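Notes to accompany the following structure.
The values are calculated or read from the model by the stated rules, or taken from the named source; none is laboratory data. These figures come from a predicted structure and were not determined experimentally. Heads up, the Cβs are rebuilt from the backbone with ideal geometry, glycines too, and the neighbour counts pull from every protein chain shown. In case anyone asks, the SASA skips ligands and DNA or RNA and just uses the protein heavy atoms, side chains included. Shrake-Rupley method; radii C 1.70, N 1.55, O 1.52, S 1.80 Å.
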Amino acid sequence: MEYCRFYYCASLILSISGLVFPVMVGSIGINYGQIANNLPAPDNVVPLVKSIGATKVKLYDADPRVLKAFANTGVEFIVGLGNEYLSKMRDPEKAQDWVKTNVQAYLPATKITCITIGNEVLTFNDTGLTDSLFPAMQSIHTALVNLGLDKQVSVTTAHSLAILEVSYPPSAGSFRKDLVGCITPILNFLAKTNSPFLINAYPFFAYKSNPKQISLDFVLFQPNQGIVDSKSNFHYDNMLFAQIDAVHSALASLGYSKLPVHISETGWPSKGDADELGATLENAKKYNGNLLKIICQRKGTPMRPNTDLNIYVFALFNENMKPGPASERNYGLFKPDGTPAYSLGISGTDAVSANTTTTTTTTGAPAPPSPDSSSTGYLSISAAVKERCYSCIGQLLFPLLLLNYLAFRLAF
């Protein structure tokens, strides 16, 4: 009876979310981390993912409970092979066993479309990990080929922005010289296998490391005068787009200008330590609320204006057992009990304009990313929206999230 009530509420949530996010479906991705001891069962996470209009989920492992829970939901999955397994995956037989157990076993019911090999490997300064990354990617891909799955499941790896030596201005973006030898064969592999280049991009870290020179409005997608790249003459009104285009420039400098770039992580913490300037609930609300609006506008960057953004928001839940500063445990859109961590505040009054930029007195240019960019704390495994839609989203989103809470309460 308890589960019947839960799924009744879940159905109500999904019905309402279909009205609130009609054009967002198919565009929003969410990172589902589980470094916590108080998260809901995966079966109860399904309606939460649906309620925010997300149709893509990224895992840091291949948790069988999650993959089973999302069977026949149509949600696309990126599964992860943790850093600690890379050396083992150099063995083709072990790689094939892993793919059989963690991917093939769940297809086609669970829509697994990609495997990430490691997370931010090249910036760990671990020679063993670095040397194992590309061979592991090759072995996993070969296993997919042998099993006839390579046309539906791609292989890639996620990078920290710290792989860039230059990130400003965006047109001058370039990879660290000491990493070019490692990155080039990976780029060639991605191009040959039609796989995306994944980057974890966090304007929060740039702001935290240099708040006096970087405009908070610039990093939060708020109205600001922005910056102009003197070489390309492109105007940037937010840091995330500048970071993405710096990656495009770095790829172009090595001859891979056509390689698609996906943002495997980006987000903003709602709480932090005393020295983590900017880590507040209000800033998280602005960053993620404005980010979701930009995603559903299908607005590209100045360098790639006609290319849809493929963004995975970090993260679904606050995770209470993540190491590091307090911010690492407070990136979630939801608390573990299913209540929203904050209202996303999407409304017509604070909508981001797709065509104009309002000038204010605040200024600031993006700074190079901090080398300390363990952005997730996963150290071990480690068509456009019309203006009137904003109003209905603002009016319905928070009540919708409250319904999620009621659903969770009825489930227990």
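Given the structure, is residue 92 farther than 24 Å from residue 260 by Cα, surrounded by fewer than 16 Cβ atoms within 10 Å (Cβ to Cβ) and modelled with pLDDT of 95 or more? Even if it seems obvious, please write down each step before you answer.
Numbers: farther than 24 Å from residue 260 by Cα: yes; surrounded by fewer than 16 Cβ atoms within 10 Å (Cβ to Cβ): yes; modelled with pLDDT of 95 or more: yes.
Taking the combined requirement at face value, the residue satisfies it.
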The range 78-89, residues that are within 15 Å of residue 157 (Cα to Cα) and assigned to a helix (DSSP H, G or I): 83, 84, 85, 89
Pairs with Cβ under 9 Å, 6+ apart, first in the range 54-72 and closer than 25 Å to residue 309 by Cβ, second of a type in the set (Asp, Glu) and surrounded by fewer than 21 Cβ atoms within 10 Å (Cβ to Cβ): 55/76; 56/76; 57/76
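When the residues of the range 174-192 are filtered to those that are over 17 Å from residue 123 (Cα atoms) and in contact with a strand residue (DSSP E or B) (Cβ under 9 Å, 6 or more places away or on another chain), which remaining residue is surrounded by the fewest Cβ atoms within 10 Å (Cβ to Cβ)?
To start, the set of residues in the range 174-192 that are over 17 Å from residue 123 (Cα atoms) comprises 188-192.
Those left that are additionally in contact with a strand residue (DSSP E or B) (Cβ under 9 Å, 6 or more places away or on another chain): 189-190.
Details: 189: 17, 190: 22.
By that ranking, first place goes to 189.
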Go through the range 213-271 residue by residue and tally those that are open to solvent by 40 Å² or more (accessible area, probe 1.4 Å), part of a helix (DSSP H, G or I) and either at pLDDT below 95 or within 25 Å of residue 328 (Cβ to Cβ) (or both). 2
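Filter the strands (runs of 3 or more DSSP E) completely within the range 92-178 down to those with at least 3 residues that are under 26 Å from residue 70 (Cβ atoms). Quick ask: steps written out before the conclusion?
On the way: elements: 111-119, 154-160, 164-166.
Answer list for the range 92-178: 111-119, 154-160.
Tell me whether the range 65-78 contains one or more residues that are farther than 22 Å from residue 314 by Cβ, aliphatic (A, V, I, L, M) and modelled with pLDDT of 95 or more. Talk me through it step by step, then tell me what you get.
From the range 65-78, those farther than 22 Å from residue 314 by Cβ are 68, 71-72, 74; that's our starting set.
Cutting the leftovers down to aliphatic (A, V, I, L, M) gives us 71.
Those left that are additionally modelled with pLDDT of 95 or more: 71.
Yes, that holds for at least one residue.
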Look through the range 289-327, keep the residues that are among the hydroxyl-bearing types (Ser, Thr, Tyr) and more than 20 Å from residue 270 (Cα to Cα), and return whichever of them is most open to solvent (accessible area, probe 1.4 Å). 307
Out of 132, 160, 139, 195, report the one residue that is over 27 Å from residue 302 (Cβ atoms) and open to solvent by less than 10 Å² (accessible area, probe 1.4 Å). 132
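Out of 362, 301, which single residue is at pLDDT 95 or above, in contact with a helix residue (DSSP H, G or I) (Cβ under 6 Å, 6 or more places away or on another chain), in a loop (DSSP other than H, G, I, E, B) and among the β-branched types (Val, Ile, Thr)? Spell out how you get there, then give the answer.
Numbers: 362 fails: at pLDDT 95 or above.
The match here is 301.
Just to be sure, is residue 278 over 22 Å from residue 340 (Cα atoms), open to solvent by less than 20 Å² (accessible area, probe 1.4 Å) and out of contact with any His (no Cβ under 9 Å at 6 or more places or on another chain)? Give the derivation first.
Numbers: over 22 Å from residue 340 (Cα atoms): no; open to solvent by less than 20 Å² (accessible area, probe 1.4 Å): yes; out of contact with any His (no Cβ under 9 Å at 6 or more places or on another chain): yes.
So residue 278 fails the test.
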May I ask you to say which residue of 212, 151, 231, 177 is closer than 30 Å to residue 112 by Cα and of a type in the set (Lys, Arg)? 151
Flag for residue 161 being among the hydrophobic types (A, V, I, L, M, F, W, C) and out of contact with any Phe, Trp or Tyr (no Cβ under 9 Å at 6 or more places or on another chain): no
Which one is most open to solvent (accessible area, probe 1.4 Å), of the residues in the range 95-129 that are acidic (Asp, Glu) and at negative phi? 97
